[in-house]
Amino acid sequence: MSLVTASVLERIDVSVFSSRLSSYKPTRDIQFEWNTFRKGLNTLLRENEISKEEVSQANNILLKGRGIPTKRWGTALYYQSGNATGSVRGLKGMYYSNGTVELVSLTDDGFLTVRNGSSFTRVNGSSWASGYNAYMTQLKNTMYIVNGQRELVKYSSPTLVGFPTIAIPTISSASNISNATGSTIKSYRATSVSQVGETTASTSLQLGTQPASLGGVNGGVIRLVIAPASTASGILQGTNIYGRDAGYERYLGFLPGSATIFFDTGSVTPSEFTITPTADSTGGPIAKYVERFQDRLVFAGLSGEPSKLLISGRAPNQEKFDISFGGNFLEIEPDAGDNIVQIKTFRDRIVVFKERSIWEVTLASEQIGNFTVTTPTLRLITSSYGCISSRSVVAVEGDIYFLSRKGVNSLGYKSGFSFDLLQSSEISLKVRPFFENLTTTQKVNAVGAYRDKKYLLAFPGLNQTMVFDTERAAWMGPWSVDAQVFEVFYDGSNNEHLLFGNDDSVLVDEYSGDFVDDKGVAIQTILKTRQEDFGDWSLFKNIKNIFTQFRNITGSVSVDISLEQRSGSIITAKSFNVIPNTGSSGWGADLWANTLWGNSATAGGGSDAQQTIRWNNLNKSARTMQMTVTTTNVNDNYELLGIRGDAKPIGSGFRPSSWRL
């Protein structure tokens, strides 16, 4: 053999002439595992695009622990707040410094009521027009109430009184009934006194040629004839008399009720600090919103002045708004078509929510002569959006949550920014389609609350509430309950209650994990997972095994496994019920031989605190797989610890011919 031939043979791969078959390498199984759903609901993306820690439907579901789905809290009647049809317009807990606790409410009946067991006691003294939401805040053992239709009203058990502006009295005549004379002038002024304040003083009436000092034979007695203000019964308390030195009249005495005669005998020495009022404090503002800010009251939504912020003096002058008492006001872009929707205290500032912008106000004090003047400072937070719903504004830990036209936003100090700079950002991106499908009216009427690390946003008339879990930054819902007003109430034993007034009755209900239903009606839950495509949406797979792991099952839990076939249709490939090891649940509660059968209304009552695992050997071909877990009866509940499974990819030849172009 020549060297050339040998060299050629060395370069030939003789394996190509081998008759031995290569070993078979089977396609590896694809596995998936969902052991937490901590990221909650995602309706923004398609069901096969959301992550394995998200779900595509979560009706009446909440999360616990590491992100374990379970049935939401139930509801029960707490008490009846009124005796008329309509809805609950205001609800607030009142906590007196002596330890007394009251729960007050305002319904479309137009009267303030106080909870009395499962019923109520009406408080007389003021009334309101129906159909308007009421806002309340407490300061100095007094509840202040506004609704935008009448002036400010205050309540401190058992007294309920409004702040109507009353007229200034007049002094019609004055005479020295002793006929004493002298060379001085005596000057007198009068003010009207209501239950809540005092008017400014009348024009002075001066009496000349009077003795320097009144009293006795030489001084005599001056008789004043008063024309008191005319008011509704119970409003006018009386008339204050100021006098003697012209231009510096000081307090002399009080005439009760509608009394008309006052005698200045000279026996009273006027105090140096009891000059006539500089402002009328009988008339309260007509406002939609009231907020306690430290030891002040702040009002907004003022009648005829929708961009004005009214600030009271500091307690005990919280019912006075004149600058001389430490009050002030601020116009925020007036007549710009952007009205104030709500005000909220945030640490050392007041956040003002307008329809299309958000502002912050800080207060400073400045000494001017004998007066301490309050000076407000205004800063724009954002003009990109505002707040659409006044009752959606809720303090949540270190932030404020509110509903804008696009969705729910949080306002607070954000990392990466100056600590003293408030920033706002959207938190509802994953459920934006829900908010986009709401009408403007439904958004305007939305009502918010915060309890147990959950921000609840209810929509009156829609019977739906969306829930944001702040611990896991996850949305769940909707829940099949709505509300007109929420209140987190602490009873006389300091127990916390999440209460809500109904939008279609005068009943006040309570949310609690201790309740398994909604006032006797079963809470029907639906939990739907992502559409699992096993990492490749273009291939079909043989779905082999599906494992589910539950805990704390009560009643019966239904599970459906859905598959997408080659035709593109979705079928339910497997349905099964998971029941506890003990209890009467299954197909109704009627015994037929050794099997539970029938459709009786009896709810399953069994429970199982142990982990319950179910294994389904499917062996079915599909492109995607999805699971749905539901409950329908009163006592049905579960905790879903995890789902896992495996599948084997099927070759490209299994793809439907309809895909081919």
Show me 116-122, 180-186 ranked by packing, highest mean number of other Cβ atoms within 10 Å first. 180-186, 116-122
Using Kirkwood radius over Cα pairs in Å as the read-out, say which of (1) 26.8; (2) 29.9; (3) 30.5 was calculated from these coordinates. (3)
Provide the gained length on full extension for the span residue 258 to residue 526, in nm with one decimal, where the gain is 0.36 nm per separating residue minus the Cα-Cα distance. 89.7 nm
Please report, in debye to the nearest 20, how large the charge dipole of the chain is about its Cα centre when each Lys and Arg carries +1 at its beta carbon and each Asp and Glu carries -1 there. 1700
Taking the Cα of residue 570, stepping 7 Å toward and past its beta carbon, and measuring to each backbone N in the range 626-650: which are under 14 Å? 626-629
Candidate aspartates and glutamates for bridging to residue 648, where Cα separation is under 19 Å - those fewer than 8 sequence places away on the same chain excluded: 29, 33, 532, 533, 536, 564
Residue-wise HN-Hα coupling along the range 218-234, computed from phi with Karplus coefficients 6.51, -1.76, 1.60 (Hz; x: Gly, Pro): 7, x, x, 10, 9, 9, 10, 10, 10, 9, x, 5, 9, 9, 5, 4, x
For residue 43, the accessible surface traced by a 1.4 Å probe with all protein chains present amounts, in square angstrom to the nearest 10, to 50
Over the heavy atoms of residue 490, what accessible area does a 1.4 Å probe trace out, to the nearest 10 Å²? 80
Sorting 259, 183, 233 by the position of each Cα along the dipole of the chain (Lys, Arg +1; Asp, Glu -1; all at Cβ), the one nearest the positive end of that ordering is 233
Virtual spin-label span in nm between residue 329 and residue 129, 7 Å along Cα→Cβ: 2.0
Sort 395-405, 250-260 for me by packing, meaning the mean count of neighbouring Cβ atoms within 10 Å per residue, highest on top. 395-405, 250-260
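Subtracting the Cα-Cα distance from 0.36 nm times the residue separation, let me have the gained length for residue 122 to residue 141 in nm, one decimal.
Contour length minus the Cα-Cα distance gives 4.9 nm.
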With a probe of 1.4 Å, find how much accessible area the chain has per residue, and write the answer as a whole number in Å². 46
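Assuming R0 = 56 Å, what is the FRET efficiency of residue 504 and residue 172, from their Cβ-Cβ distance, to the nearest 0.05?
That gives a FRET efficiency of 0.50.
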Once phi for every residue in the range 76-88 is put through the Karplus expression 6.51 cos²θ - 1.76 cosθ + 1.60 (θ = phi - 60°), the whole-Hz ³J(HN,Hα) values, with Gly and Pro written as x, are 8, 5, 9, 5, 9, 9, x, 10, 9, 6, x, 9, 8
With unit charges on the beta carbons (Lys and Arg positive, Asp and Glu negative) and the dipole taken about the Cα centre of the chain, which residue among 404, 552, 456 sits farthest to the positive side? 552
What are the residues whose amide H is under 5 Å from the amide H of residue 116, where those residues sit 5 or more places off or on another chain and H is modelled from the backbone? 121
Dipole of the chain [Lys/Arg +1, Asp/Glu -1 at C-beta], most positive-end residue of 164, 341, 248: 341
The extension gain from residue 271 to residue 95, computed as 0.36 nm times the residue separation minus the Cα-Cα distance, is 59.7 nm
On the protein heavy atoms, probe 1.4 angstrom, tell me the percent of accessible surface of the chain carried by carbon and sulfur. 49
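The values are calculated or read from the model by the stated rules, or taken from the named source; none is laboratory data. The model shown is predicted, which means the values in this text are computed figures rather than measured ones. When we count neighbours, we look across all protein chains shown, and the Cβ atoms used for this are built from the backbone with ideal geometry, even at glycine. Note: areas computed on protein heavy atoms with side chains; ligands, DNA, RNA excluded. Shrake-Rupley method; radii C 1.70, N 1.55, O 1.52, S 1.80 Å.
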